[in-house]
Amino acid sequence: MTPRPPLAAWEEHLRAGKGLSSNTVRAYTHDVAACLAHLGLEVDCDAETLERRLTTRAIRSWLAAGADAGASRATTARHVASMRAFTAWAHDHDHLASDPGLPLVAARADQHLPQVEDVQGARRLMETARAEAADHDPVIVRDWAILEVIYSSGIRVAELCALDLDCLDRSNGTLRVRGKGGKERTVPLGEPALAALDRWIHRARPALVVGRKNSTLPGSTNALFLGAMGGRIDQRVVRTMIHRACATAGVKDLAPHALRHTAATHMLQGGADLRAVQELLGHASVATTQRYTHVDALRLSTIYRQAHPRA
């Protein structure tokens, strides 16, 4: 029996053994495949070819080519992480006699402050969406509910699209969310988000299912949020909708993740405990959550410069 190519075996290891999300697995394997292509290798090359061609110097040449082409420090850092993970695994599983990724060190990624909207802007975004939903169009009601849920809970767009109807505990006002690595957490929802969900689930969603245009879809789906055709909503639809909603409301152009940033920042500004916000957002490390305190510090610095007589 012909052994599986190292890259294919590693990809299966990431999916089955590490419990990583499909997006993370795709990014890691894409990085390694790009490195192999730079070296003139096929993705299904065997261990012998890999051993001969995949050296520390060769990997560094690929990283340098990416930097010359304009790759950011964050992208380069991810490339290094991908290659180090792959070569360490390949060495442990006897595909490589030594680990060429071990000497690689990436420069620290730039720490950009997250794009956020202020409280007034967020309120305007939600109120505009609520007002538009008054015409009872199922899709517009759905969009209002999505905006309220992301801003209320700070969940990721992938987590939102994966929600099922039974993830909502209406009596306790919470959502059960499956995050990165398959980890589950429970997040609370505010009253505006619960009101929007009630309107969506009990009035608009049934109308969208009955009136769906694609007759090949199953008669029902357990997805909490549906696309216009009646199936589970796609992340791209959510992203496009949020950009459109921001333009309509006349606020900053926010991506779904920026709306999540906004929710986290406003909770911390309101006095929420950092550890509680970490748990709410599903961050593995509190260091990730601490980025939002930098946003608040920037706001305080601005106020200080404006108010202090010797600033």
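Residues that are farther than 23 Å from residue 280 by Cβ and basic (Lys, Arg) within the range 231-266 comprise 232, 236, 244, listed in sequence order. Of all residues in the range 41-91, those satisfying the criterion of being among the charged types (D, E, K, R) and without any contact (Cβ under 8 Å) to a residue 40 or more places away in the chain are 42, 44, 48, 52, 53, 57, 68, 73, 84. Taken over the range 179-200, the residue count meeting the criterion of being in a loop (DSSP other than H, G, I, E, B) and aliphatic (A, V, I, L, M) is 1.
In this structure, does residue 15 turn out to be at pLDDT 90 or above and in a helix (DSSP H, G or I)?
Values: at pLDDT 90 or above: no; in a helix (DSSP H, G or I): yes.
Here the answer is no, as residue 15 does not meet what is asked.
In the range 85-98 there is at least one residue matching the filter, namely being closer than 27 Å to residue 180 by Cβ, under 26 Å from the mean Cα position of the chain (by Cα), surrounded by 15 or more Cβ atoms within 10 Å (Cβ to Cβ) and of a type in the set (A, V, I, L, M). Within the group 219, 211, 182, which residue is at pLDDT below 90 and either acidic (Asp, Glu) or within 25 Å of residue 134 (Cα to Cα) (or both)? Step by step, each of 219, 211, 182 is checked, and only 211 is at pLDDT below 90 and either acidic (Asp, Glu) or within 25 Å of residue 134 (Cα to Cα) (or both).
The values are calculated or read from the model by the stated rules, or taken from the named source; none is laboratory data. Note that the structure is predicted; figures quoted are calculated from it, not measured. All Cβ positions, even for glycine, are placed from backbone atoms using ideal geometry, and neighbour counts span all protein chains on display.
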